[in-house]
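Here is the structure we will look at, set down as structure tokens.
The values are calculated or read from the model by the stated rules, or taken from the named source; none is laboratory data. Note that this is a predicted model, so its numbers are computed, not measured. No Cβ is skipped: glycine too gets one built from the backbone with ideal geometry, and neighbour counts run over all protein chains shown. Please note that ligands, DNA and RNA were not included when accessible areas were found on the heavy atoms of the full protein model with its side chains. Shrake-Rupley method; radii C 1.70, N 1.55, O 1.52, S 1.80 Å.
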Amino acid sequence: QVHVVESGGGLVQPGGSLRLSCVASGNTFNFGDMGWYRQAPGKQRELVAAITRGGVKSYGNFVKGRFTISRDNAKNTVYVQLNSLKPEDTAVYYCNVKHLLRDYWGQGTQVTVSS
């Protein structure tokens, strides 16, 4: 069984920054792609950023250089640095971990961008 736990959400003013962390556990083998998705009220879940085990990164179109994803394979951890946050970035952010053709999700962490 794989467990995924996010942390680092919160309330931030427009233009501010947050760093989200996600730890995957319960596995004795290497995890595959890890990433972040978000879901705002009334909207579909969308990709924020993803990173392969080898470090290849991809981002949602709306990111436009504001966010940076990274991972530490030794710690089974993935991070996303959120900079220049906008009110429209307000959402629940979910961590996704791929392992043996299955997707595992955390419970999500709320990011609220408001003055």
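Is one or more of the residues making up the stretch 24-32 farther than 17 Å from HIS3 by Cβ and not in a strand (DSSP E or B)?
Looking only at the stretch 24-32, we keep the residues that are farther than 17 Å from HIS3 by Cβ, and these are none.
No, every residue in the stretch 24-32 fails to be farther than 17 Å from HIS3 by Cβ and not in a strand (DSSP E or B).
Take LYS64 and tell me if it is out of contact with any Lys or Arg (no Cβ under 7 Å at 6 or more places or on another chain), within 14 Å of TYR93 (Cα to Cα) and part of a loop (DSSP other than H, G, I, E, B). Here the answer is no, as LYS64 does not meet what is asked.
Which residues, counting only those in the stretch 2-16, are assigned to a loop (DSSP other than H, G, I, E, B) and on the phi > 0 side of the Ramachandran plot? So that I can check it myself, show each step before the final result.
Taking the stretch 2-16 and keeping what is assigned to a loop (DSSP other than H, G, I, E, B), we get 2, 8-9, 13-16.
Passing the criteria: GLY8, GLY15.
All but one of (1) open to solvent by less than 60 Å² (accessible area, probe 1.4 Å); (2) modelled with pLDDT of 95 or more hold for ARG45, so report the exception by its number. Going through (1) open to solvent by less than 60 Å² (accessible area, probe 1.4 Å); (2) modelled with pLDDT of 95 or more one by one, ARG45 breaks only (1). Meeting the requirement of 2 or more residues that are out of contact with any Cys (no Cβ under 7 Å at 6 or more places or on another chain) and surrounded by 18 or more Cβ atoms within 10 Å (Cβ to Cβ), the strands (runs of 3 or more DSSP E) wholly within the stretch 69-115 are 77-82, 91-99, 109-113.
The set of residues in the stretch 1-32 that are open to solvent by less than 70 Å² (accessible area, probe 1.4 Å) and hydroxyl-bearing (Ser, Thr, Tyr) comprises SER7, SER17, SER21, SER25.
Once the stretch 51-68 is narrowed to residues that are out of contact with any strand residue (DSSP E or B) (no Cβ under 6 Å at 6 or more places or on another chain) and under 17 Å from VAL23 (Cα atoms), the residue that is surrounded by the fewest Cβ atoms within 10 Å (Cβ to Cβ) is GLY55.
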